[in-house]
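Asks: Handing you this structure, nothing more for now.
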Amino acid sequence: MNGVRLNSILDNDFYKITMQNAVVKLFPGSIVKYEFINRGKHHFPEGFDAALREAVNKMAELKLTKDEKKFMARTCPYIDLPYLDFLEGYHYDPSEVKIHQEGGDLSVIVEGLWYRTILWEVPLLALISELHYEMNHMERDSNEVVMSKTIEKADSLGRLGVTFAEFGTRRRHSYKVQNLVMEALTQKKESTFIGSSNVHFAMKYGVKPIGTHAHEWFMFHAAEYGFKMANELALEHWVDVYRGDLGVALSDTYTTDVFFQQFDKKFAKLFDGVRHDSGDALEFADKTIAHYQRNGINPMFKYIIFSDALNLEKVEEITNYCRGKIGISFGIGTNLTNDVGLKPMNIVMKLIGVQAPNKEWIPTVKLSDEHGKYTGDPKMIELAKEFLRIKN
């Protein structure tokens with residue numbers, strides 16, 4: 001039917017691999033559920049469900065190659081060798097993915113053991129995005145334009161003197177466009193480009209795979225241990241697995257203010273920095289700098305990775321504001337991999353439930369620093385706000 005398919009099991013965000021390693025180790029029996037959320041209210045053409053199902057079924061054929069395993073062992077020494085053996089034997093199971101279409105609406109649910117289903121989210125979103133453009137016959141910019149735009153951005157970021165990574169797999173226009181972007185970004189030796197969140201492209205272009213953990217890591221802990229313990233236990237478990245490696249903490253699953261209440265001196269010293277993913281970036285920088293200073297830590301020895309819907313203007317504003325106050329780096333996603341003359345999709349896939357031992361589902365929620373990004377069961381959102389004393 002269509003030619004859209006994944007070519008590598010590593011065509012995924014690095015934080016999915018790092019989290020899967022931790023889940024295999026700590027939560028091998030946990031069962032979870034994910035749901036596709038069409039934030040942009042995109043219309044899906046007739047037959048989209050069948051085309052997506054075909055692409056999903058093909059994913060069962062993907063397997064970690066010997067070269068990919070060697071790359072992982074060489075590049076990521078903090079990942080357990082038994083996990084790499086596990087990944088070598090891992091296959092996607094398409095029966096974990098339920099796809100349904102009604103008119104222009106698409107429903108995608110993933111359910112199963114967390115250590116198995118954790119890898120579905122990013123490739124599913126990438127496939128949905130690529131199929132959307134292909135099946136709606138939307139024409140993108142030429143390869144030359146895509147590459148020249150990317151080189152211009154890299155040059156601008158180089159002039160600003162800031163390091164940046166490519167974070168754009170989940171909402172990429174297509175595999176081909178992401179490949180063009182990576183080709184453009186790795187052309188110059190003196191570039192400030194430092195790596196990609198996509199493990200496959202990091203390997204292909206000889207750069208560093210970048211990432212730590214995602215919101216789901218904290219959302220799971222809230223469902224398992226309660227909202228008040230979520231941040232602290234999620235960070236503690238991360239430290240138990242990685243012993244100081246992969247030291248960037250995601251701060252906004254239950255608002256930054258709540259996070260900093262629990263990101264005590266131990267964590268502030270142990271983690272290299274924090275990632276900003278919602279809300280006002282400059283306000284976040286002020287809060288982060290003040291938090292380090294309160295704990296007797298020089299903010300210039302720490303850093304913030306900014307990753308929220310970035311474009312060049314935002315990066316310049318943040319850089320000018322933060323320079324000389326705290327270390328900074330940028331993870332740029334859609335603005336790199338889907339700046340092709342078409343409207344980028346606004347789609348996400350979120351962890352929506354964790355199964356309790358009695359088989360009942362505990363709904364998960366995310367209360368980011370932007371109310372529009374709140375996700376989950378409305379009653380549970382209210383409960384979380386009450387428990388965490390979040391006023392607005």
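Asks: Please report the carbon-and-sulfur percent of the accessible area for region 85-167; probe 1.4 Å, protein heavy atoms only, DNA, RNA and ligands left out. Mind dumping the intermediate values first?
Replies: On the way: 1690 of 3330 Å².
For region 85-167, the apolar C and S fraction of the accessible surface comes to 51 percent.
Asks: Here's something else I'd like to know. For region 240-392, what class follows from the C-alpha gyration tensor (a ≥ b ≥ c being the square roots of its eigenvalues): rounded when a/c is under 1.5, otherwise prolate if a/b is larger than b/c, else oblate? Working shown, then result.
Replies: Values: a/c = 1.79, a/b = 1.18, b/c = 1.52.
The shape class here is oblate.
Asks: Here's another thing I want to ask about it. What shape does region 82-241 have by the C-alpha gyration tensor, where a ≥ b ≥ c are the square roots of the eigenvalues, rounded means a/c under 1.5, and otherwise prolate means a/b greater than b/c and oblate the rest?
Replies: Taking the square roots of the gyration eigenvalues as a ≥ b ≥ c, region 82-241 is oblate.
Asks: Quick check: pseudo-label points 7 Å beyond the Cα along Cα→Cβ at Asn143 and Glu283, how many nm apart are they?
Replies: That separation, rounded to one decimal, is 4.5 nm.
Asks: Before rounding to the nearest 500, sum -39500 (n - 2.57) across all DSSP H runs of length at least 4 in the chain and divide by the residue total; then give [θ] at 222 nm in deg cm²/dmol.
Replies: -13500 deg cm²/dmol
Asks: Which whole-number value in Å² is the accessible area per residue of the chain, probe 1.4 Å?
Replies: Spelled out: the 1.4 Å probe surface of the chain, per residue, equals 42 Å².
Asks: Ok, one more. Is the C-alpha gyration tensor of the chain telling us rounded, prolate or oblate? Criteria: a/c under 1.5 is rounded; beyond that, a/b larger than b/c is prolate, otherwise oblate.
Replies: Because its axes are fairly even, with a/c under 1.5, the chain counts as rounded.
Asks: Could you tell me, in Å, what Rg and Dmax come out for the Cα atoms of region 320-370?
Replies: Cα only, region 320-370: 18.7, 53 Å (Rg, Dmax).
Asks: Let me ask something additional. Quick one: Cα convex hull volume of region 1-138, Å³ per residue?
Replies: Details: hull volume 16.1 nm³, N = 138.
Enclosed volume per residue, from the Cα hull, is 117 Å³.
Asks: Using a 1.4 Å probe on the protein heavy atoms, what percent of the accessible area of region 1-65 belongs to carbon and sulfur? Please list the in-between numbers first.
Replies: Working: 1310 of 2500 Å².
C and S atoms contribute 52 percent here.
Asks: Under 23 Å between alpha carbons: how many lysine pairs meet that in region 300-384, if sequence neighbours fewer than 8 apart on the same chain are excluded?
Replies: Qualifying lysine pairs in region 300-384: 12.
Asks: Assigning unit charges at the beta carbon (Lys, Arg +1; Asp, Glu -1) and nothing else, what dipole magnitude in debye, to the nearest 20, does the chain show about its Cα centre?
Replies: Dipole magnitude for the chain comes out near 820 debye.
Asks: Also, quick follow-up: Using the C-alpha gyration tensor of region 241-300, what are the square roots of 5 times its eigenvalues, in whole angstrom, with the largest one first?
Replies: After diagonalising the Cα gyration tensor, the semi-axes are 17, 14, 10 Å.
Asks: Right, another one. Show Ile352, Ile326 ordered by accessible area, largest first, where the area counts protein heavy atoms only and the probe is 1.4 Å.
Replies: Greatest to least solvent exposure: Ile352, Ile326.
Asks: Return the inverse of the average 1/r over all pairs of distinct C-alpha atoms in region 167-213, which is the Kirkwood hydrodynamic radius, in Å to one decimal.
Replies: One decimal place: 10.9 Å for the Kirkwood radius.
Asks: Here's another thing I want to ask about it. Carbon and sulfur atoms: what percent of the 1.4 Å accessible area of region 238-392 do they account for?
Replies: Solvent-exposed carbon and sulfur of region 238-392 make up 50 percent of the total.
Asks: Normalised by the number of residues in region 238-371, what is the relative contact order in percent for Cα pairs under 8 Å and 6+ residues apart?
Replies: Result for region 238-371 is 26 percent.
Asks: Count the lysine pairs in region 188-270 that are 8 or more places apart or on different chains: how many have C-alpha atoms under 26 angstrom apart?
Replies: 8
Asks: How large is Rg/Rh for region 25-78, to two decimals, with Cα atoms and a Kirkwood Rh?
Replies: 1.13
The values are calculated or read from the model by the stated rules, or taken from the named source; none is laboratory data. Quick caveat: nothing in here was measured; it's all calculated off a predicted structure. So basically every Cβ, Gly included, is an ideal-geometry build from the backbone, and we count neighbours across all protein chains shown. In case anyone asks, the SASA skips ligands and DNA or RNA and just uses the protein heavy atoms, side chains included. Shrake-Rupley method; radii C 1.70, N 1.55, O 1.52, S 1.80 Å.
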